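Q: Following this message is one structure expressed as structure tokens.
The values are calculated or read from the model by the stated rules, or taken from the named source; none is laboratory data. As the structure is a computational prediction, the values presented were derived from the model and not from experiment. We place every Cβ from the backbone using ideal geometry, glycine too, and count neighbours over all the protein chains shown.
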Amino acid sequence: MKKKIPLLVFIIVCLVDLFGIYFDEISVVYIAKPLLMISLFWYYYVNAKTLNNYFIAGLAASFLGDVLLLGTGEMYFLLGLLFFLTAHVFYILMVIKSFKKTNPSQVLLASIPYVLIFITLLSILYSSLGTMKIPVIIYAITISVFGAVSLILYLQQKTKTALILVAGVFIFIISDAVLALNLFYEEQAFYPILIMITYVFAQYLICKFALLTYKN
């Protein structure tokens, strides 16, 4: 039971954050959002038998990204984007550490779906990105690499644990895609809720992968 308490806290923080977003209670969001990755780290720390520094660094970068994206203006957005890009780099390194010997066919097969997603989304957004073209493209390439890396791992292992990671990264991409559509294409009232639900679920699945992979 003691090990489940942090997960319960994480879920409660997620619900409080969603409440703040839905009812446009900015003060609630300002309190809850920084606690998301803190509570998820608590869950990871209590349940992990072996701590993975890449995952912890990814969580820390995600925390900073969450905090910075609470700010308004282009500079806060760029800094938030930078820290989430950094988080993905740490997550990618964590996954690569689990690789067996890769071959070109695996890399090609795993890259195809994410290249298609990248091209499709960029074709929709490109004309409206303005000065954000280069940062957004670099970020999109990074998370696409994360997706391909997760799929390579699944093709090598064919395990439930690897599939959890694939799902987590794909949901993360959905979250980021909806965020980009909301910011640069067309705002929708339900987008902020969808962005947050997919974001926290994706981070939880990546955490679950880290716990299952480094359990010894």
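Q: Looking at the range 192-216, which of its residues are among the polar types (S, T, N, Q), over 20 Å from SER39 (Cα atoms) and assigned to a helix (DSSP H, G or I)?
A: Going through the range 192-216, the residues among the polar types (S, T, N, Q) turn out to be 198, 203, 213, 216.
Narrowing further to those that are over 20 Å from SER39 (Cα atoms): 213, 216.
THR213 - this is the single residue of the range 192-216 that is among the polar types (S, T, N, Q), over 20 Å from SER39 (Cα atoms) and assigned to a helix (DSSP H, G or I).
Q: It is to be established whether one or more residues within the range 100-115 are buried (at least 18 other Cβ atoms within 10 Å of the Cβ), under 16 Å from the mean Cα position of the chain (by Cα) and part of a helix (DSSP H, G or I).
A: Scanning the range 100-115, I find at least one residue that is buried (at least 18 other Cβ atoms within 10 Å of the Cβ), under 16 Å from the mean Cα position of the chain (by Cα) and part of a helix (DSSP H, G or I), so the answer is yes.
Q: Continuing with the same structure: Could you tell me which of the residues VAL67, VAL13, VAL28 is in a helix (DSSP H, G or I), farther than 19 Å from THR142 by Cβ, at pLDDT 95 or above and touching a Leu at 6+ places or on another chain (Cβ under 9 Å)?
A: On the way: VAL67 fails: touching a Leu at 6+ places or on another chain (Cβ under 9 Å); VAL28 fails: touching a Leu at 6+ places or on another chain (Cβ under 9 Å).
None of the others qualify; the one that does is VAL13.
Q: If you go through the range 116-129 one residue at a time, how many are in contact (Cβ under 8 Å) with a residue 24 or more places away in the chain and either under 27 Å from ALA60 (Cβ atoms) or part of a helix (DSSP H, G or I) (or both)?
A: Step one: of the range 116-129, the residues in contact (Cβ under 8 Å) with a residue 24 or more places away in the chain are 117-118, 121, 124-125, 128-129.
Retained after the next criterion (residues that are either under 27 Å from ALA60 (Cβ atoms) or part of a helix (DSSP H, G or I) (or both)): 117-118, 121, 124-125, 128.
Qualifying residue count, the range 116-129: 6.
Q: Given (1) within 12 Å of the chain's Cα centre (by Cα); (2) crowded, with 19+ Cβ neighbours inside 10 Å, where does VAL89 come up short, assuming only one miss?
A: Evaluating VAL89 over (1) within 12 Å of the chain's Cα centre (by Cα); (2) crowded, with 19+ Cβ neighbours inside 10 Å leaves (2) as the failure.
Q: With the requirement that a residue be of a type in the set (Gly, Ala, Ser) and part of a helix (DSSP H, G or I), what does the range 70-99 give you?
A: To start, the set of residues in the range 70-99 that are of a type in the set (Gly, Ala, Ser) comprises 71, 73, 80, 87, 98.
GLY80, ALA87, listed by residue number.
Q: A further question on this structure: Pairs under 7 Å by beta carbon, first residue within 12 Å of THR213 (Cβ to Cβ) in the range 136-164, partner polar (S, T, N, Q) and not in a helix (DSSP H, G or I), six or more apart or different chains?
A: Short answer, once both residue conditions are applied: LEU153/SER98.
Q: In a helix (DSSP H, G or I) and either in contact with an Asp or Glu (Cβ under 8 Å, 6 or more places away or on another chain) or under 22 Å from PHE83 (Cα atoms) (or both), is that true of SER39?
A: Working: in a helix (DSSP H, G or I): yes; either in contact with an Asp or Glu (Cβ under 8 Å, 6 or more places away or on another chain) or under 22 Å from PHE83 (Cα atoms) (or both): yes.
When the stated conditions are applied, SER39 passes them.
Q: For the condition under 14 Å from the mean Cα position of the chain (by Cα) and free of Cβ contacts under 8 Å to residues at least 40 places away in the same chain, what is the one hit in LEU179, LEU81? Walk me through how you get there before you give the answer.
A: Values: LEU81 fails: free of Cβ contacts under 8 Å to residues at least 40 places away in the same chain.
Being under 14 Å from the mean Cα position of the chain (by Cα) and free of Cβ contacts under 8 Å to residues at least 40 places away in the same chain holds for just one of LEU179, LEU81, which is LEU179.
Q: Residues that are part of a helix (DSSP H, G or I), of a type in the set (A, V, I, L, M, F, W, C) and in contact with an Asp or Glu (Cβ under 9 Å, 6 or more places away or on another chain): does the range 179-191 have at least one? Explain how you work it out, then say what you get.
A: Of the residues in the range 179-191, the ones part of a helix (DSSP H, G or I) are 179-184, 191.
When the remaining residues are screened for being of a type in the set (A, V, I, L, M, F, W, C), the result is 179-181, 183-184.
The next check asks that each one be in contact with an Asp or Glu (Cβ under 9 Å, 6 or more places away or on another chain); those that pass are 181.
Yes, there is a match, as at least one residue in the range 179-191 is part of a helix (DSSP H, G or I), of a type in the set (A, V, I, L, M, F, W, C) and in contact with an Asp or Glu (Cβ under 9 Å, 6 or more places away or on another chain).
Q: Something else about it: Name every residue in the range 26-51 that is surrounded by 14 or more Cβ atoms within 10 Å (Cβ to Cβ) and more than 17 Å from ASP66 (Cβ to Cβ), in order of residue number.
A: Once the filter is applied, which keeps residues that are surrounded by 14 or more Cβ atoms within 10 Å (Cβ to Cβ) and more than 17 Å from ASP66 (Cβ to Cβ), the range 26-51 yields ASN47, ALA48.
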